[in-house]
Amino acid sequence: AADLSENLAGQLPGQARVVICGGGITGASVAYHLGLQGWGKDTLLIEQDRVGGELPWSACGLAGRFEPSYTELKLAEYSIDLIKQLTERGLPTGWRQVGSLNLARNFDRMTAFNRMKSQAVAWGMNCEILSPEQCKEHCPLISLDGIEGGLWIPEDGVCDPHLVCHAFMEEARRLGVRVVEHCAIKKIHSSRGKVDRVETTAGDVNCEYFVNCTGFWAREVGTLSKPVVKVPLKAVEHHYLHTKAIENLDPNTPFVRDFDSRIFFRECEGHILAGGFEREAKMVYEDGVIPLSQAARQHPPDWDHFHELLDALLRSVPPFRKAHLDRLTNSLQVFSPDCKWILGEAPEIQNYYVAAGNKTMGVSASGGIGRVLTDLITNGSTYLDLHILDISRFLGLHNNRKFLRDRCKEAPGKHFEINYPFEEFQTGRNLRMSPLYPALKAGGAVFGQSMGYERPNYYDQNDKKDEFGLPRFRIAQTRTFGKPPWFDHVASEYRACRERIGIADYSSFTKYDFWSKGNEVVDLLQYLCSNDVDVAVGSIIHTGMQNPNGGYENDCSLARLSERHYMMIAPTIQQTRSMCWIRKHMPAHLRAKVNVADVTSMYTAICILGPYSRILLSELTDTDLTPKNFPFFTYKELDVGLADGIRVLNITHTGELGYVLYIPNDYALHVYTRLHQAGQKFNIQHAGYYATRALRIEKFYAFWGQDLDTFTTPLECGRAWRVKLNKPIDFIGRSALLKQREEGVKRMYVQLLLNDHDHEVDMWCWGGEPIYRDGVYVGMTTTTGYGYTFEKQVCLGFVRNFDAEGRELPVTNDYVLSGHYEVEVAGVRFEAKVNLHSPNLPTKFPDREREAYHATRDKRDQEDLLSFSSNLITTNNNTGMTRQ
Amino acid sequence: RLLPQLPQLSPYDVNLVLRENEFVYNFPLEGVIRSYETNQLGSNSPCEDSRTEASLLYRPNGFVCGIFDGHGGAACGQVVSKRLLRYISAATLPRQVLREQMEQPGGCTSQSFLKCHNDNVDFVNEIKPIYEHSFQKYIKELIEMPERDVASELKDAFLKLDESLSNEALTSNDPRTMNVALSGAVACLVHLEGLQLHVASTGDCGAVLGTLDPKTNQWIPKKLNQEHNVDNMQEVKRILSEHPKGERDTVIRNGRLLSQLAPLRAFGDFRYKWSLDIMKKQVLPLVGDHGMPPHYYTPPYLTAQPEVQHHELSVGDKFLVIASDGLWDFLSPSDVVSLVGEHINSKKILEPMRIPEGDITLNQISEQLAERKAGLTRKPVDQNAATHLIRHALGATDYGIEHSKISYYLTLPKDVVRLYRDDITITVIYFNSEHIAELRNEYHPPTLSEPDSPLAA
């Protein structure tokens, strides 16, 4: 071994721009793409064993595009095209376009297929809905017993992952990438928060970028740097069944997935390769330490564990009963806690990239992942919005070994389950809870989890106690594409918020404090935010943090607590992500002077909303809450009940009259109890996330991560009035937005109300439905829901304007308003009415101040309302509430 | 029941608590041990039990593991659990190898001779050199000594470690070493090399071997140690004989040594070992006059000397369970052996299904699997045998496991929980019968006086 290291020491350059660790298919793809960008000479790939060392056939080799989201689908599609292209150039890949046949055994699965078929138009994918008989035509082997139908994707195919990996590697070498084998990583050093050197068993290499593509070991490699890079992954056992050669087996047998039986199979070199995703996966290496040698990782096959899948396979494909066994292999697969890939720049260290957690889909993922990581490294941006796959979607808790052990039993099974709306995991729960949690649970809350937080989704008074009379922990379930089981509960909460008073737990929202000694905090925020943050103390500003292309990296509310102190409220899923953005884009001269603190876990947030909320809060505080003293969109620190120092924001994020109270955790239960008690005379009611969501969709409020992403600009979503292009500072994204203002937007955010949709029987919209204008596809819905006031399905989404050649033209108001719209829901089109502005909802309690406020608009006419000014007060001292 | 109003845990929550400290280690290479499973359920806060397992380096197939039940604080147990294995790893090396290692450039450290599994903590920096110094002194002494049989080496290692604890407390200025010396720990340690199994035990932990009788197919428990507590008459007689007749009524009182200490042998606890002079000069000023045990006339009253039992593994020996007294309070050795035995049977996972050579159709496999499944009386809730034992200890009733009983034990308030259950720590070691059979056929069983057997070569 000593000789070998000496040999290697000669090979290893002392300097490389990029060091890729891991010679599996992902690492090979990243190396190849860097080579394509002309970075080949600057790239070094190290591998502790041999490149492509995985045993042949420890993956199924499906190159398919049946993915739950646009981003994943596009990455898979790119991978497939790339494999095809390599094949055409004569590299062996094993690629054959045999198509994929997806089977449904129940109505909901069929609905999921129909939804996919609808989306396929938008996503540029070919697919076809099949009757059971047509399924049999594509694959005569299967039994039709219990099959309701299928989805046929003709352009999917199969390949040999081993060969593809070698093809990538060979191409990468040709493009100048240096590859050093038998060289293991020992440490990744950083200075000033950026990667600068790696230490390996064969010596040190100075570098600018490090890419962790180490598959199973990605979590362990993450611990080799300071600070530790958190890559939440857990290895589980995964079986593949190989039969002996079968006579007369059609080499063009499609790749078949019988999701409801949890199994798949394909033809492979004259025999059948089959596998599946069991309900509960079997854990291995519970201490998280995975042996490096191939031999030590070989596990004996666990037939008892595979039994259920084997029986399902034989039921589904009776001819296989007679097939002879060749082998059952047991190889490792790693899963992330949400069963999605993990990519992007590590939040902990700049220029440290991660691509891991490719589940069993290495081939479908690797091409696309190589491309986007290369884009990020060489350009800083890429062609797809990656936030759902970004490594910054996690918190430290997700990397906890015991959490992973608990959660990742469940994660693999999700892979073949129906992608119902608002899906929840059953494991890893009750992890992060606000101080109100016991009280809310006793109040009937049914919970959903977001960033580990247990958040009440709705309240159900039935069956809320267990057999011992204690409040039961219940997880919200929808499990249908039609009218959800919680419809009536949410309806009642919605009405409370509109007509009386609702109380909601907003504690999961991301909360940061920004402060400095001098004026630096204002300088920083002016640079990061597109709105003008230099407003009067006590004001609240809604603003985006734009990227250089003008897209939203973050969408937040800023309250100016004092001259040099701001509090930021952002979506729950921004907790890690927005800190990364801020740190990364903090100008060097401000770095030492501005403090940014994540205070999410220090405050409990209660929102009271509805027409009586002002009277209720007045009873509990000494401060005058009339609009004259405490106008809409302003902030005050109040005493509430016996507590003080409560940060109160006169906004609700849903468009109702109301307040969000940010309460230090130790006072939270007291304040909640007082509000709830005092609210009894107004018949106060708990409201969950689904109710507040319904409110905001009807009011046309956009949320980051759901409607807005890194590719959406404020001009496209009716928020131009929140961008101050004339600010005396060149904030991030300014030039892109100026350019877009000149050229016009290519898509526009609209609200659509479906006509003739019967919410009792028709399938609902759940986001991702295609929108048709005059019969032509123009865009997709983002968030949707039932509008309890309109009594209609309400869809938010984006409308584009394609010409005959498919080029995008600018979208104008006239264009949007002149069309005739339809939305296709699981194969059925519904006529829709379009809105460009937040509508005024009919109400018994007119509140001029809020009615004048439109979250989504295109004119700047109501701008004055946004900042705290004296003429605002005079116009608003006559609202419905103050009269009472 | 005294406390009727306890919150009820859901089965999911119970599982989370019971499984929190689960650990499984599968030995990658062919060896006498196939795997081991451990688990721990604390009662004291912090838990006063510790456990360590390690493979011996330079001794192929050498394995040591131990369970340590601390009292009067967790310090002594934690320290002994780490250090004892290191002392033993050096003591059981052939002297020649030890000498060679010491002559290597850089010498050797206390961790040179073993590899611990699932060990994530180390001593703080101020303490490490003190311990390292004691270790170096110990191996220097070892080299001068002639090689002895394993049992003697184990006894000597126990006593030498205890001596180190005493010296460190009296000579170093770090108050932490005194803290360690004033708390105590009992230990049960297993040393295995080839077929030779030694169990060295000090105090009231227990080890029991599960053997399957090939004729009757019954599980037979074999106790591999004697607890050192007042139920052990031999032990009581030994102590009484070591002190003047006049102390007969005070040496053991209320079932405790000097009416204070339940185990009759232990590491640390130097308040029962040091001379009156040391106590007055160095201990009482620190802890006050109540630190002196009543009727303390002719110390030492306590020793760390273990009793060592030897057992040569045979093909029928399937597993060994070592556990702290927290388990034995609930279950007898024969209960434990039959529970683990049943667990093996019902799990069948330790004997993975074998596919016969030659052609077999998938349908035949499916039928075989169905048969196996029907044969499984009941799939155990827990994969881990140690968890299985804890679940039975807490929840067993005449009608099977009762969930509410477990929940009751787990939700007892902190201030009373110790009265109902002690810390429980269990390690179950599974033997590889095939490998044992191979060894027995190929080699003549080595004798005790020949520690350097061909097995290790």
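Can you give me the angle between helix A:70-88 and the longest principal axis of chain A, using Cα atoms only, in degrees from 0 to 90, rounded to the nearest 10?
Taking the Cα atoms of chain A, the angle to A:70-88 is about 30 degrees.
Quick one: which residues, 5 or more positions from A:Glu148 or on another chain, have an amide H under 5 Å from its amide H? H modelled 1.01 Å from N in the peptide plane, none for Pro or chain starts.
For A:Glu148, whose amide H was placed from the backbone, the distant partners under 5 Å are A:Ala104, A:Arg105, A:Asn106.
Would you mind checking which residues have amide H under 5 Å from A:Gly787's amide H? H placed 1.01 Å from N; only 5 or more apart, or other chain.
A:Lys792, A:Gln793, A:Val794
Pop out the carbon and sulfur fraction of the accessible area of the protein assembly as shown as a percent, whole number, probe 1.4 Å.
Result for the protein assembly as shown: 50 percent of the exposed heavy-atom area is carbon or sulfur.
Rounded to the nearest 100 Å², what's the accessible area chains A and B bury against each other, both chains counted, probe 1.4 Å?
That pair of chains buries around 2400 Å² in total.
Separation of segment B:177-250 and segment A:396-474 by C-alpha centroid, Å?
Going from one Cα centre to the other spans 47 Å.
What does chain B give for Rg and for Dmax, in Å, if only its C-alpha atoms count?
Rg, Dmax (Cα atoms, Å): 23.4, 81.
I want to verify the translational diffusion coefficient of segment A:221-364 in µm²/s; compute it with Stokes-Einstein, Rh as the Kirkwood radius over Cα pairs, at 37 °C and 0.692 mPa s.
On the way: Rh = 17.2 Å.
Approximately 190 µm²/s, per Stokes-Einstein.
For segment A:547-703, report the convex hull volume of the alpha-carbon atoms normalised per residue, in Å³, without decimals. Spell out each step's value before the answer.
Values: hull volume 22.0 nm³, N = 157.
Expressed per residue, the convex hull around the Cα atoms of segment A:547-703 is 140 Å³.
Specify the angular offset, from 0 to 90 degrees and rounded to the nearest 10, of the alpha carbon long axis of helix B:433-442 from the longest principal axis of the alpha carbons in chain B.
Its long axis makes an angle of about 80 degrees.
Assuming R0 = 30 Å, can you tell me the calculated FRET efficiency for the pair B:Leu240 and B:Tyr420, based on Cβ-Cβ distance, to the nearest 0.05?
Here the calculated transfer efficiency is 0.40.
Sequence neighbours fewer than 8 away in the same chain don't count; with that in mind, list the aspartates and glutamates whose C-alpha is under 17 Å from A:Lys746.
Cross-link targets: A:Asp385, A:Asp707, A:Asp709, A:Glu716, A:Asp803, A:Glu805, A:Glu808, A:Asp814, A:Asp858.
Given 25 °C and 0.890 mPa s, compute D for segment A:457-499 with the Stokes-Einstein relation, Rh being the Kirkwood radius over Cα pairs; round to the nearest whole µm²/s.
Result for D is 205 µm²/s.
Any chance you could check segment B:20-44 for residues losing 30 Å² or more of accessible area when the partner protein chains are in, compared with the chain on its own (1.4 Å probe)?
Those are B:Glu20, B:Glu22, B:Phe23, which lose 30 Å² or more relative to the chain on its own.
Please list, by residue number, everything in segment A:356-396 whose backbone N is under 20 Å from a paramagnetic label point 7 Å out along Cα→Cβ of A:Ala588.
Those under the cut-off are A:380.
Rounded, prolate or oblate: which fits segment B:10-80, taking a ≥ b ≥ c as square roots of the Cα gyration tensor eigenvalues, rounded meaning a/c under 1.5, else prolate when a/b beats b/c?
Oblate is the answer for segment B:10-80, as a/c is 1.5 or above yet b/c matches or exceeds a/b.
Tell me, what ³J(HN,Hα) does each residue in segment A:382-394 have, in order and in whole Hz, if you take phi through Karplus 6.51 cos²θ - 1.76 cosθ + 1.60 with θ = phi - 60° and put x for Gly and Pro?
9, 8, 10, 7, 10, 4, 6, 9, 5, 4, 7, 7, 9
Rounded to whole Å, give me the distance from the Cα center of segment A:670-718 to that of segment A:338-372.
33 Å
Per DSSP helix of 4 or more residues, -39500 (n - 2.57); summed, then divided by the residues of chain A. What does that give at 222 nm, rounded to the nearest 500?
So the calculated ellipticity at 222 nm is -7500 deg cm²/dmol.
With respect to the cross-link table entries A:Lys244/B:Lys373; A:Lys194/A:Lys230; A:Lys340/A:Lys511; B:Lys82/B:Lys160; A:Lys340/A:Lys409, which display a Cα-Cα separation exceeding 21 Å?
A:Lys244/B:Lys373; A:Lys340/A:Lys511
Using only Cα atoms, tell me the angle between helix B:333-347 and the longest principal axis of chain B; keep it within 0 to 90° and round to the nearest 10.
Helix B:333-347 and the main axis of chain B meet at about 40 degrees.
List the extent of the Cα atoms of segment A:347-414 along each of their three principal axes, largest first, rounded to whole Å.
The principal-axis extents, from largest down, are 38, 28, 17 Å.
Can you work out the accessible area per residue across the protein assembly as shown, with the rest of the protein chains kept in place, probe 1.4 Å, in square angstrom?
With all protein chains present, the protein assembly as shown gives 39 Å² per residue.
For segment A:153-223 and segment B:76-136, what is the centre-to-centre distance using only Cα atoms, to the nearest Å?
What the calculation gives is 37 Å, centre to centre.
Check which residues have an amide H placed less than 5 Å from B:Arg34's amide H, if you skip close sequence neighbours.
Here the answer is B:Tyr430, B:Phe431, B:Asn432, since their amide H atoms fall under 5 Å of that of B:Arg34.
Could you run the Karplus curve 6.51 cos²θ - 1.76 cosθ + 1.60 with θ = phi - 60° over segment A:22-28 and give me ³J(HN,Hα) per residue in whole Hz, x for Gly and Pro?
x, x, x, 5, 5, x, 4
Could you please report the charge total around B:Ala386, scoring K, R as +1 and D, E as -1 over all other residues with beta-carbon less than 11 angstrom from its beta-carbon?
Around B:Ala386, the surrounding residues sum to 0.
List the lysines whose Cα lies under 21 Å from the Cα of A:Lys681, skipping any in the same chain that are fewer than 8 positions away.
A:Lys844
Which Cys residues of chain B have no other Cys beta carbon under 4.7 Å away?
So, B:Cys47, B:Cys65, B:Cys76, B:Cys108, B:Cys116.
Summing -39500 (n - 2.57) over the DSSP H runs of n ≥ 4 in chain B and dividing by its residue number, what mean residue ellipticity at 222 nm do you reach, to the nearest 500 deg cm²/dmol?
Working: 16 runs with 169 residues, N = 457.
Dividing the helical sum by the residues of chain B leaves -11000 deg cm²/dmol.
In nm, to one decimal, how far is the A:Asn665 label point from the B:His403 one, both placed 7 Å along Cα→Cβ?
3.0 nm
Extension gain A:Asn755-A:Gln85, at 0.36 nm per residue separation less the Cα-Cα distance, in nm?
236.6 nm
Cross-link partners among aspartates and glutamates for A:Lys699, C-alpha distance below 12 Å, same-chain residues fewer than 8 apart left out?
Counting by Cα, and skipping residues close in sequence, A:Lys699 has these aspartates and glutamates nearby: A:Glu656, A:Glu851.
Taking every Cα atom in the protein assembly as shown, find the radius of gyration and the maximum pairwise distance Dmax, and write them in Å.
Radius of gyration, then largest Cα-Cα span, for the protein assembly as shown: 34.8, 112 Å.
Please list 3J(HN,Hα) in residue order for segment A:400-408, calculated via the Karplus relation 6.51 cos²θ - 1.76 cosθ + 1.60 where θ = phi - 60°; whole Hz, with x for glycine and proline.
Rounded to whole hertz, the list is 5, 4, 6, 4, 5, 4, 6, 6, 6.
The values are calculated or read from the model by the stated rules, or taken from the named source; none is laboratory data. Predicted model, so just to flag it, every value in this text is computed and none were measured. Every residue, glycine as well, gets a Cβ built from its backbone with ideal geometry; the counts of neighbours run over all protein chains shown. For accessibility, only protein heavy atoms count, side chains too; no ligands or nucleic acids. Shrake-Rupley method; radii C 1.70, N 1.55, O 1.52, S 1.80 Å.
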